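Notes follow the structure.
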Amino acid sequence: MNFKSIIGLPILCFMLGHSASSQTLEGKVIATNGAEPLVGATVRQLGSIKGTVTDVAGNFTLTVDRLPVDLVISFVSFQPDTITVTNNSFLNLSLKEAVEIIGEVVIQSNSTFFDPLQPILSEVLTEKELEKAACCNLSESFETNASIDVSFTDAVSGGKIIKVLGLDGKYVQINRENLPNIRGLISRYGLGFIPGTWLQSIDVGKGIGSVVSGYESMTGQINLEIKKPISNEAIYFNAYANSFGRTELNFNRAFKIGEKWSTAFLLHADYLSSTIDRNEDGFQDLPKTRQLNFLNRYAYNGDRVISQLGIHLMIDEKAGGQNGFGFGDDLLTANAYGFRNDTKRAELFGKIFLTFPDKPYKGLGLVYSLVTQEVAGGFGRNIYRGEEQSIYGNFIYSNIISTSFHQYKLGTSLLVDDFDEVYKDSVFQRKEVVPGAFFEYSYLGASDLSFVVGGRVDEHNLYGTFFSPRLHAKYDFHKDLTFRAAAGRGYRVPNAIIESYQALISSRELVVEEAPLPEVSWNAGGSVLFNIKGKDGYQVVADYFYTTFENQLIFDRDRSSNQLAIYNLEGRSYANSFQIEVSKRFSEAFNVKGAFKYYDVKRTINGRLRDAPFISKNRLFLNASYATRFEKWKIDGTIQWFSKKRIPDTQDNIEQFRRPGFSDPYTLVNFQISRGFRKGSVYVGSENLFDFRQDNPIVDAENPFGNNFDSGLVWGPVAGRVIYVGFRYKIKAKHE
Amino acid sequence: MIALLTVSFSVSAQKNEKKVAFKSSVVCFMCKRTIEYDLTFEKGVKSVNVDLEKKLVEVLYNTKKTNPEELKKRLTQIGYSADELVADPKAYENLPGCCKIGDEVPHKNFEELDDHK
């Protein structure tokens with residue numbers, strides 16, 4: 001780690017300043033490690049909302065009303081810094097990456113924060129936050145977050161999906177470093193394909209996203225930053241085991257290869273071979289799983305070119321269903337009702353970024369990926385096989401209009417997505433070719449108001465033109481009181497079979513009434529963020545979003561308990577989402593965060609506007625964390641309360657197989673203690689500590705091949721309490 | 001007899017904690033961080049504070065678990081002197097540049113970053 005650059009800063013504080021009125025300061029902000037310029041870092045005058053952002057070369061110009069002045073420099077996933085400037089010589093500033101704090105030197109920073117600069121309401125979850133949920137992959141990463149709900153899809157597959165703004169997570173664009181990631185054939189189980197130990201930070205943008213990454217961010221945008229080749233963490237090793245018998249090993253390695261090249265290897269393996277049937281209904285509560293996951297990338301940091309190239313390979317296998325069904329069994333010939341889901345994924349990805357040393361505000365970038373993925377398996381006697389090949393490229397040019405207050409991005413993208421699926425005896429084929437173009441103008445000036453207005457046009461070979469206009473605005477009423485607003489339209493093309501899996505592990509017959517059309521939604525909303533700083537500082541964030549669908553693919557389980565009918569929306573479908581979150585810092589060691597959420601989600605199902613199934617209207621969330629200095633001891637607990645959820649209609653069943661119209665309200669508690677050491681930590685914890693389980697989650701579990709079987713009416717946990725232990729071992733990179 | 005034992009026990013619980021300070025070759029904020037981080041995880045250490053102005057490393061420790069000699073030894077192992085003991089030369093070499101003596105610059109203002117005090 002290069003501490004030298006940060007040490008350069010304080011010298012500034014000691015330079016003898018001459019006091020003057022209005023002064024123009026110029027400087028550059030870089031990352032402490034690697035000296036990469038930080039694009040879009042905020043430089044702000046302390047105690048005022050006067051500020052600016054750095055351009056693509058990390059340079060900034062800021063007019064201040066006096067000298068000396070305190071400047072606050074901040075950037076997403078970096079440690080904010082405050083310096084005193086006494087004269088107007090060129091400032092060379094550097095920020096340390098927030099990840100460097102973990103278990104190391106440096107400051108007790110917040111584990112989550114709202115990006116103060118972004119006109120989009122965007123919360124950043126740092127590694128410190130992500131470590132609060134020790135298991136296992138992306139689906140657990142949101143357990144300590146109030147904005148994102150995680151729920152099980154059914155009682156057999158163990159699949160978890162997220163819900164945002166009261167709607168399915170498929171309406172959120174989940175990118176890995178700005179490349180489309182969890183979509184297409186892996187949109188259901190994909191959260192399990194991102195190991196938690198790979199994550200460096202997660203940006204959660206609520207509401208409609210930016211046009212730059214495509215048309216799909218209908219209700220939000222989640223960007224996953226994974227561990228970088230240039231890292232302070234040379235070696236990271238983690239082992240984990242839980243009370244179900246799941247074991248997990250993770251190994252990360254990052255190092256430099258010569259002057260300009262560096263690489264990172266990320267490895268993950270997990271294994272669960274035991275039969276878990278705690279409710280003794282003859283069905284495994286969780287499938288047996290085994291996964292190997294590998295990512296390797298190379299980074300080149302030249303003077304004019306910054307480039308990355310990487311590969312991701314993954315194989316994940318699940319075998320579940322009735323007890324006794326395992327990896328060696330065949331769905332068609334086994335006596336037991338089985339579940340198999342084997343996913344293979346290979347991805348080649350990269351980015352190239354060109355800088356212009358003489359025009360530092362200009363940038364030219366290309367991000368691209370080539371993906372092939374395959375899902376094979378099925379449930380009962382129903383065999384599914386899907387293949388998807390996709391090519392994605394996004395070409396972005398950024399520049400300014402006269403000053404860096406007026407920034408714009410324009411570019412073109414291409415998505416080729418080729419699907420080939422077979423379910424039972426039906427074949428579904430689709431080849432999408434979608435060229436697109438976008439333009440986004442940002443006013444990120446020093447005034448109270450900033451906004452981003454953008455639009456994109458995509459020419460879909462099957463569905464015609466998609467036009468997605470979007471607007472985001474932010475107004476700083478006061479330095480600690482910020483209003484945001486957003487509105488825009490988004491699209492996505494559904495994958496009917498994969499997305500109906502959760503309802504199909506049942507005796508329901510799939511009835512595709514018409515060819516699915518793209519889903520189109522408008523989303524609008526706003527938020528208020530109120531900050532009271534100081535020793536007993538607290539923060540209040542309230543947001544409200546409204547989503548309405550022009551078209552939505554309806555998965556109708558209400559019409560008949562023997563059917564899953566799929567058709568395009570006829571009538572209205574909307575979601576109102578309100579959330580208020582209060583976080584308070586009681587002391588350096590003790591933080592509490594509480595949230596209340598209200599959802600009103602209605603859609604026209606079988607000709608009737610009614611509550612969407614499996615949504616709690618009200619939810620309460622409380623998280624408390626206590627950490628001693630340098631996290632030698634860390635205790636974290638979360639309590640969540642969910643109000644009742646509507647269950648699809650089962651009145652047409654014979655009495656013993658009917659279900660109530662609504663679920664019971666329930667409470668979940670998670671808890672973790674960790675003890676830090678110089679080079680890592682040991683942790684023990686529990687998810688669902690009080691072992692809450694949904695009674696009898698499967699309808700007619702005794703007769704899975706009969707006419708009443710349904711594993712899809714799941715509204716609560718099936719497997720119950722998990723207790724886990726694990727350790728992390730980290731070796732720092734050598735000082736340069 | 002029992003009363004006496006109880007008294008001596010409670011006294012020794014108090015007595016088990018002792019504060020000690022070593023003169024050390026600390027230079028800057030980064031040194032303060034390095035030492036405070038490292039000694040926090042040293043066996044028997046309750047709390048650590050590095051006073052940059054007085055160049056003192058102050059440690060509150062459990063006398064049953066460690067002793068000043070151990071603490072001093074650890075300081076030298078991570079590249080700093082402790083009273084009469086000199087720093088381990090290899091560890092010193094590996095310190096960030098700013099923490100080496102001679103590279104001295106004033107870092108007073110930087111202290112405010114420390115733990116958001």
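The values are calculated or read from the model by the stated rules, or taken from the named source; none is laboratory data. Bear in mind that the values here come from a model prediction, so they are computed numbers and not experimental data. Here the Cβ positions follow ideal geometry from the backbone for every residue, glycine too, while neighbour counts run over all protein chains shown.
Here is a yes/no grid of residues against (1) assigned to a loop (DSSP other than H, G, I, E, B); (2) among the polar types (S, T, N, Q):
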{"site": "A:ASP691", "(1), (2)": "yes, no"}
{"site": "A:PRO697", "(1), (2)": "yes, no"}
{"site": "A:ASN703", "(1), (2)": "yes, yes"}
{"site": "A:TRP715", "(1), (2)": "yes, no"}
{"site": "A:TYR729", "(1), (2)": "no, no"}
{"site": "A:LYS734", "(1), (2)": "yes, no"}
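Number of residues in segment A:303-332 that are at pLDDT below 95 and of a type in the set (Val, Ile, Thr) equals 2.
Which one of A:LYS424, A:LYS474, A:LYS479 is loosely packed, with under 15 Cβ neighbours inside 10 Å and assigned by TED's automatic domain parsing to the domain that holds A:PRO180?
Numbers: A:LYS474 fails: loosely packed, with under 15 Cβ neighbours inside 10 Å; A:LYS479 fails: loosely packed, with under 15 Cβ neighbours inside 10 Å.
Testing whether each residue is loosely packed, with under 15 Cβ neighbours inside 10 Å and assigned by TED's automatic domain parsing to the domain that holds A:PRO180 leaves just A:LYS424.
Return the residues of segment A:380-418 that are among the aromatic types (Phe, Trp, Tyr) and touching a Gly at 6+ places or on another chain (Cβ under 7 Å); say none if nothing qualifies.
Here is the first cut: in segment A:380-418, the residues among the aromatic types (Phe, Trp, Tyr) are A:384, A:392, A:395, A:397, A:405, A:408.
Matches in segment A:380-418: A:TYR384, A:PHE395, A:TYR397, A:PHE405.
For segment A:613-630, a residue qualifies if it is more than 22 Å from the chain's Cα centre (by Cα) and not in a strand (DSSP E or B), and the qualifying residues are A:PRO613, A:LYS617, A:THR628, A:ARG629, A:PHE630. Residues in segment A:662-676 that are in a strand (DSSP E or B) and more than 14 Å from every other protein chain (Cβ to nearest Cβ): A:PHE662, A:TYR666, A:THR667, A:LEU668, A:VAL669, A:ASN670, A:PHE671, A:GLN672, A:ILE673.
Of A:ARG619, A:ARG585, A:ARG646, all but one fail to be modelled with pLDDT under 95 and of a type outside the set (A, V, I, L, M); the exception is A:ARG585.
Just for strands (runs of 3 or more DSSP E) wholly inside segment A:500-590: which have at least 1 residues that are among the hydroxyl-bearing types (Ser, Thr, Tyr)?
Numbers: elements: A:509-512, A:519-532, A:538-551, A:553-556, A:563-568, A:573-585.
Per the criteria, A:519-532, A:538-551, A:563-568, A:573-585.
Kindly indicate whether A:ASP700 is more than 14 Å from chain B (Cβ to nearest Cβ) and in contact with a helix residue (DSSP H, G or I) (Cβ under 7 Å, 6 or more places away or on another chain). Taking the combined requirement at face value, the residue satisfies it.
Would segment A:635-646 turn up any residue that is surrounded by fewer than 19 Cβ atoms within 10 Å (Cβ to Cβ), acidic (Asp, Glu) and in contact (Cβ under 8 Å) with a residue 12 or more places away in the chain?
First, pick out the residues of segment A:635-646 that are surrounded by fewer than 19 Cβ atoms within 10 Å (Cβ to Cβ): A:635, A:639, A:641, A:643-644.
Filter once more, keeping what is acidic (Asp, Glu): none.
No, segment A:635-646 contains no residue that is surrounded by fewer than 19 Cβ atoms within 10 Å (Cβ to Cβ), acidic (Asp, Glu) and in contact (Cβ under 8 Å) with a residue 12 or more places away in the chain.
Quick check on segment A:173-195. Is at least one of its residues modelled with pLDDT under 90, in contact with a strand residue (DSSP E or B) (Cβ under 8 Å, 6 or more places away or on another chain) and either among the small types (Gly, Ala, Ser) or not in a helix (DSSP H, G or I) (or both)? Within segment A:173-195 (the criterion being modelled with pLDDT under 90, in contact with a strand residue (DSSP E or B) (Cβ under 8 Å, 6 or more places away or on another chain) and either among the small types (Gly, Ala, Ser) or not in a helix (DSSP H, G or I) (or both)), the answer is yes, since at least one residue qualifies.
A:ASP329 passes every criterion in (1) touching a residue at least 24 places away in the same chain (Cβ under 8 Å); (2) surrounded by fewer than 21 Cβ atoms within 10 Å (Cβ to Cβ) apart from (1). Applying the criterion of at least 2 residues that are at pLDDT 85 or above to the strands (runs of 3 or more DSSP E) found wholly in segment A:91-142 leaves A:122-126.
Take A:ALA254 and decide whether it is surrounded by 21 or more Cβ atoms within 10 Å (Cβ to Cβ), in contact (Cβ under 8 Å) with a residue 24 or more places away in the chain and assigned by TED's automatic domain parsing to the domain that holds A:VAL682.
Considered against the rule, which asks whether it is surrounded by 21 or more Cβ atoms within 10 Å (Cβ to Cβ), in contact (Cβ under 8 Å) with a residue 24 or more places away in the chain and assigned by TED's automatic domain parsing to the domain that holds A:VAL682, A:ALA254 comes out as yes.
Can you pull out every residue in segment A:625-634 that is surrounded by fewer than 17 Cβ atoms within 10 Å (Cβ to Cβ) and more than 14 Å from chain B (Cβ to nearest Cβ)? Once the filter is applied, which keeps residues that are surrounded by fewer than 17 Cβ atoms within 10 Å (Cβ to Cβ) and more than 14 Å from chain B (Cβ to nearest Cβ), segment A:625-634 yields only A:TYR626. Go through segment A:677-689 residue by residue and tally those that are within 14 Å of another protein chain (Cβ to nearest Cβ) and in a loop (DSSP other than H, G, I, E, B). Number of matching residues: 2.
Do we find that A:THR465 is surrounded by 15 or more Cβ atoms within 10 Å (Cβ to Cβ), assigned by TED's automatic domain parsing to the domain that holds A:ASN399 and not basic (Lys, Arg) in this structure?
Details: surrounded by 15 or more Cβ atoms within 10 Å (Cβ to Cβ): no; assigned by TED's automatic domain parsing to the domain that holds A:ASN399: yes; not basic (Lys, Arg): yes.
It is false that A:THR465 is surrounded by 15 or more Cβ atoms within 10 Å (Cβ to Cβ), assigned by TED's automatic domain parsing to the domain that holds A:ASN399 and not basic (Lys, Arg).
Looking at segment B:40-64 only, could you name the residues that are of a type in the set (A, V, I, L, M, F, W, C) and out of contact with any Ser or Thr (no Cβ under 9 Å at 6 or more places or on another chain)? Reasoning before the result, please.
If we filter segment B:40-64 for residues that are of a type in the set (A, V, I, L, M, F, W, C), which is where we start, we get B:41, B:45, B:48, B:50, B:52, B:56-57, B:59-60.
Selection gives B:PHE41, B:LEU52.
Taking segment A:310-326 as the range and being in a strand (DSSP E or B), in contact (Cβ under 8 Å) with a residue 40 or more places away in the chain and over 21 Å from the mean Cα position of the chain (by Cα) as the test, the residues that pass are A:LYS318, A:GLY320, A:GLY321, A:GLN322.
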